[in-house]
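J.: Take this structure first; my questions come after.
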Amino acid sequence: YSFSDTAVEPVAFPCASELHYADLVRFLRDHGVIGYYAEHESDHVGDFWELKHFLLTHLVENPDADPAALTALFMNRYYGKAAEALTWYRKKLDELCRKRGGFVNWEPGLAGFNWLTDKDIERFETMFDRVEKAVADDPLRLARVRHARSGLDALAVRRADVRLVAHGVEVASTDAEAPRARLRRDLPMWFGPNGHVRPF
(Lines give C-alpha, C1' and ligand atoms only; values in the text may rest on other atoms or scores of the structure.)
Protein backbone atom coordinates (compact mmCIF):
# COMPACT_ATOMS: atom_id res chain seq x y z
CA TYR A 1 0.00 0.00 0.00
CA SER A 2 1.74 3.16 -1.12
CA PHE A 3 0.71 6.32 0.68
CA SER A 4 -0.92 9.18 -1.18
CA ASP A 5 -2.61 12.11 0.50
CA THR A 6 -5.34 12.06 -2.13
CA ALA A 7 -5.83 8.29 -2.18
CA VAL A 8 -7.14 7.87 1.35
CA GLU A 9 -10.39 5.95 1.04
CA PRO A 10 -13.73 7.30 2.34
CA VAL A 11 -13.52 4.95 5.33
CA ALA A 12 -11.23 7.61 6.76
CA PHE A 13 -13.79 10.42 6.47
CA PRO A 14 -15.52 11.49 9.71
CA CYS A 15 -18.61 9.49 10.66
CA ALA A 16 -19.51 8.85 14.30
CA SER A 17 -21.20 5.50 13.69
CA GLU A 18 -19.99 4.20 17.04
CA LEU A 19 -22.68 6.22 18.82
CA HIS A 20 -25.25 3.75 17.46
CA TYR A 21 -23.43 0.48 18.13
CA ALA A 22 -25.29 -0.24 21.35
CA ASP A 23 -28.68 0.11 19.64
CA LEU A 24 -27.54 -2.16 16.81
CA VAL A 25 -26.15 -4.90 19.04
CA ARG A 26 -29.20 -4.86 21.33
CA PHE A 27 -31.54 -5.02 18.33
CA LEU A 28 -29.70 -8.09 17.06
CA ARG A 29 -29.73 -9.72 20.50
CA ASP A 30 -33.44 -9.00 20.99
CA HIS A 31 -34.27 -10.56 17.62
CA GLY A 32 -32.50 -13.84 18.23
CA VAL A 33 -29.22 -13.28 16.42
CA ILE A 34 -26.60 -15.58 17.90
CA GLY A 35 -23.62 -14.77 15.67
CA TYR A 36 -22.30 -11.41 14.52
CA TYR A 37 -19.53 -10.56 12.07
CA ALA A 38 -18.17 -7.02 11.88
CA GLU A 39 -15.68 -5.86 9.28
CA HIS A 40 -13.47 -3.04 10.50
CA GLU A 41 -10.82 -2.84 7.84
CA SER A 42 -8.29 -0.09 7.14
CA ASP A 43 -7.17 0.28 10.73
CA HIS A 44 -4.26 2.44 9.53
CA VAL A 45 -6.60 5.19 8.30
CA GLY A 46 -10.12 4.25 9.45
CA ASP A 47 -12.07 7.00 11.21
CA PHE A 48 -11.57 6.50 14.97
CA TRP A 49 -10.89 2.84 14.25
CA GLU A 50 -9.54 2.13 17.72
CA LEU A 51 -12.58 3.53 19.52
CA LYS A 52 -15.00 1.71 17.21
CA HIS A 53 -13.19 -1.59 17.61
CA PHE A 54 -13.08 -1.21 21.41
CA LEU A 55 -16.76 -0.35 21.71
CA LEU A 56 -18.06 -3.04 19.39
CA THR A 57 -15.93 -5.72 21.02
CA HIS A 58 -17.25 -4.89 24.48
CA LEU A 59 -20.86 -4.47 23.39
CA VAL A 60 -20.91 -7.81 21.57
CA GLU A 61 -19.65 -9.41 24.77
CA ASN A 62 -22.25 -7.56 26.85
CA PRO A 63 -25.04 -5.77 24.92
CA ASP A 64 -26.29 -4.17 28.14
CA ALA A 65 -22.99 -2.47 28.88
CA ASP A 66 -23.16 1.32 29.14
CA PRO A 67 -21.77 2.71 25.86
CA ALA A 68 -21.16 6.14 27.36
CA ALA A 69 -19.10 4.65 30.18
CA LEU A 70 -17.14 2.49 27.75
CA THR A 71 -16.49 5.48 25.53
CA ALA A 72 -15.31 7.58 28.47
CA LEU A 73 -13.01 4.78 29.60
CA PHE A 74 -11.43 4.49 26.18
CA MET A 75 -11.19 8.20 25.42
CA ASN A 76 -9.60 9.10 28.75
CA ARG A 77 -7.01 6.35 28.55
CA TYR A 78 -6.22 6.65 24.85
CA TYR A 79 -6.36 10.42 24.33
CA GLY A 80 -5.65 11.79 27.81
CA LYS A 81 -6.20 15.54 28.00
CA ALA A 82 -7.74 15.49 24.52
CA ALA A 83 -10.57 13.16 25.56
CA GLU A 84 -13.24 15.74 26.35
CA ALA A 85 -12.81 17.71 23.13
CA LEU A 86 -12.71 14.59 20.95
CA THR A 87 -15.81 13.20 22.64
CA TRP A 88 -17.58 16.48 21.86
CA TYR A 89 -16.37 16.20 18.25
CA ARG A 90 -17.88 12.75 17.82
CA LYS A 91 -21.21 13.83 19.29
CA LYS A 92 -21.31 16.94 17.13
CA LEU A 93 -20.61 14.91 13.98
CA ASP A 94 -23.51 12.60 14.77
CA GLU A 95 -25.80 15.53 15.56
CA LEU A 96 -25.04 17.23 12.25
CA CYS A 97 -25.46 14.02 10.25
CA ARG A 98 -28.88 13.29 11.75
CA LYS A 99 -30.08 16.90 11.62
CA ARG A 100 -29.21 17.23 7.93
CA GLY A 101 -30.40 13.81 6.83
CA GLY A 102 -26.95 12.42 6.14
CA PHE A 103 -26.58 8.78 5.19
CA VAL A 104 -23.15 7.16 4.98
CA ASN A 105 -23.43 3.77 3.29
CA TRP A 106 -20.84 1.06 2.71
CA GLU A 107 -19.04 2.91 -0.11
CA PRO A 108 -20.27 6.48 0.20
CA GLY A 109 -17.80 8.40 -1.91
CA LEU A 110 -17.32 12.10 -1.42
CA ALA A 111 -21.01 12.98 -1.85
CA GLY A 112 -21.91 10.83 1.14
CA PHE A 113 -20.42 13.52 3.37
CA ASN A 114 -22.27 16.54 1.96
CA TRP A 115 -23.94 16.94 5.36
CA LEU A 116 -20.62 18.41 6.53
CA THR A 117 -20.21 21.98 5.30
CA ASP A 118 -16.96 23.81 4.69
CA LYS A 119 -17.66 25.87 7.81
CA ASP A 120 -18.10 22.68 9.84
CA ILE A 121 -14.73 21.45 8.64
CA GLU A 122 -13.09 24.77 9.50
CA ARG A 123 -14.66 24.70 12.96
CA PHE A 124 -13.42 21.19 13.64
CA GLU A 125 -9.95 21.97 12.28
CA THR A 126 -9.74 24.89 14.72
CA MET A 127 -10.73 22.53 17.52
CA PHE A 128 -7.99 20.10 16.54
CA ASP A 129 -5.45 22.94 16.57
CA ARG A 130 -6.35 23.59 20.21
CA VAL A 131 -6.34 19.89 21.09
CA GLU A 132 -2.92 19.32 19.57
CA LYS A 133 -1.55 22.15 21.70
CA ALA A 134 -3.14 20.63 24.80
CA VAL A 135 -1.24 17.35 24.32
CA ALA A 136 1.94 18.79 22.80
CA ASP A 137 3.97 17.62 25.81
CA ASP A 138 2.79 14.01 25.37
CA PRO A 139 4.25 12.55 22.13
CA LEU A 140 2.13 9.40 22.24
CA ARG A 141 -1.19 11.24 22.73
CA LEU A 142 -0.15 13.86 20.17
CA ALA A 143 0.42 11.14 17.55
CA ARG A 144 -2.99 9.66 18.36
CA VAL A 145 -4.74 13.01 18.08
CA ARG A 146 -3.08 13.70 14.75
CA HIS A 147 -4.18 10.29 13.53
CA ALA A 148 -7.75 11.05 14.67
CA ARG A 149 -7.60 14.28 12.68
CA SER A 150 -6.47 12.65 9.44
CA GLY A 151 -9.98 11.77 8.25
CA LEU A 152 -11.12 15.37 8.52
CA ASP A 153 -8.00 16.49 6.66
CA ALA A 154 -8.55 13.86 3.97
CA LEU A 155 -12.12 15.07 3.44
CA ALA A 156 -10.97 18.70 3.15
CA VAL A 157 -8.26 17.78 0.62
CA ARG A 158 -10.49 15.55 -1.50
CA ARG A 159 -13.29 18.13 -1.54
CA ALA A 160 -10.95 20.93 -2.60
CA ASP A 161 -9.30 18.81 -5.29
CA VAL A 162 -12.63 17.79 -6.82
CA ARG A 163 -13.80 21.39 -6.93
CA LEU A 164 -10.55 22.50 -8.49
CA VAL A 165 -10.86 19.96 -11.30
CA ALA A 166 -14.56 20.53 -11.88
CA HIS A 167 -14.96 24.25 -11.36
CA GLY A 168 -11.60 25.98 -11.31
CA VAL A 169 -9.53 27.79 -8.74
CA GLU A 170 -12.14 30.38 -7.79
CA VAL A 171 -14.58 27.69 -6.55
CA ALA A 172 -12.06 25.59 -4.62
CA SER A 173 -12.44 27.83 -1.59
CA THR A 174 -11.53 25.27 1.07
CA ASP A 175 -7.88 25.64 2.04
CA ALA A 176 -6.34 22.27 1.32
CA GLU A 177 -2.66 23.04 1.72
CA ALA A 178 -2.48 22.79 5.53
CA PRO A 179 -4.51 19.54 5.66
CA ARG A 180 -2.44 18.11 2.80
CA ALA A 181 0.80 18.90 4.64
CA ARG A 182 -0.52 17.24 7.81
CA LEU A 183 -1.48 14.09 5.92
CA ARG A 184 1.97 13.88 4.37
CA ARG A 185 3.54 14.35 7.80
CA ASP A 186 1.31 12.12 9.92
CA LEU A 187 -0.15 9.27 7.90
CA PRO A 188 2.97 7.58 6.49
CA MET A 189 3.93 6.37 9.96
CA TRP A 190 0.78 4.21 9.93
CA PHE A 191 1.76 2.45 6.72
CA GLY A 192 4.28 -0.37 6.51
CA PRO A 193 5.95 -2.10 3.55
CA ASN A 194 4.04 -5.34 4.17
CA GLY A 195 0.60 -3.99 5.02
CA HIS A 196 -0.64 -1.95 7.90
CA VAL A 197 1.66 -1.06 10.74
CA ARG A 198 0.18 0.80 13.68
CA PRO A 199 3.01 1.70 16.07
CA PHE A 200 0.74 3.20 18.70
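J.: Kindly establish whether LYS119 is part of a helix (DSSP H, G or I) and under 14 Å from the mean Cα position of the chain (by Cα).
T.: It is false that LYS119 is part of a helix (DSSP H, G or I) and under 14 Å from the mean Cα position of the chain (by Cα).
J.: Assuming PRO108 fulfils every condition listed in (1) part of a helix (DSSP H, G or I); (2) surrounded by fewer than 17 Cβ atoms within 10 Å (Cβ to Cβ) apart from one, which condition is it?
T.: (1)
J.: Looking at ASP43, ASP64, ASP47, which is the one that is open to solvent by 20 Å² or more (accessible area, probe 1.4 Å), outside any helix (DSSP H, G or I), charged (D, E, K, R) and modelled with pLDDT under 95?
T.: Only one candidate passes the filter, namely ASP43.
J.: With respect to the numbered conditions (1) at pLDDT 95 or above; (2) farther than 30 Å from ALA178 by Cα; (3) open to solvent by 20 Å² or more (accessible area, probe 1.4 Å), which one is the sole condition not fulfilled by LEU55?
T.: Every listed condition holds for LEU55 apart from (3).
J.: OK, next. Sort out which residues of the stretch 86-96 are open to solvent by less than 30 Å² (accessible area, probe 1.4 Å) and more than 12 Å from the chain's Cα centre (by Cα), and write them in order of number.
T.: Matches in the stretch 86-96: LEU96 only.
J.: Further, regarding this structure: Looking only at residues that are part of a helix (DSSP H, G or I) and β-branched (Val, Ile, Thr) in the stretch 146-200, which one is modelled with the highest pLDDT?
T.: In the first step, residues of the stretch 146-200 are kept if they are part of a helix (DSSP H, G or I); the result is 146-167, 177-190.
In the following step, the residues that additionally are β-branched (Val, Ile, Thr) were identified as 157, 162, 165.
On the way: VAL157: 87, VAL162: 79, VAL165: 46.
Checked the stretch 146-200; the qualifying residue modelled with the highest pLDDT is VAL157.
J.: Also, quick follow-up: Evaluate the following for ASP153: is it open to solvent by less than 30 Å² (accessible area, probe 1.4 Å) and touching a His at 6+ places or on another chain (Cβ under 9 Å)?
T.: It is false that ASP153 is open to solvent by less than 30 Å² (accessible area, probe 1.4 Å) and touching a His at 6+ places or on another chain (Cβ under 9 Å).
The values are calculated or read from the model by the stated rules, or taken from the named source; none is laboratory data. It should be emphasised that the depicted structure is a prediction, and the values quoted were computed from it without experimental measurement. No Cβ is skipped: glycine too gets one built from the backbone with ideal geometry, and neighbour counts run over all protein chains shown. The area values use the complete protein model at the heavy-atom level, side chains included, leaving out ligands, DNA and RNA. Shrake-Rupley method; radii C 1.70, N 1.55, O 1.52, S 1.80 Å.
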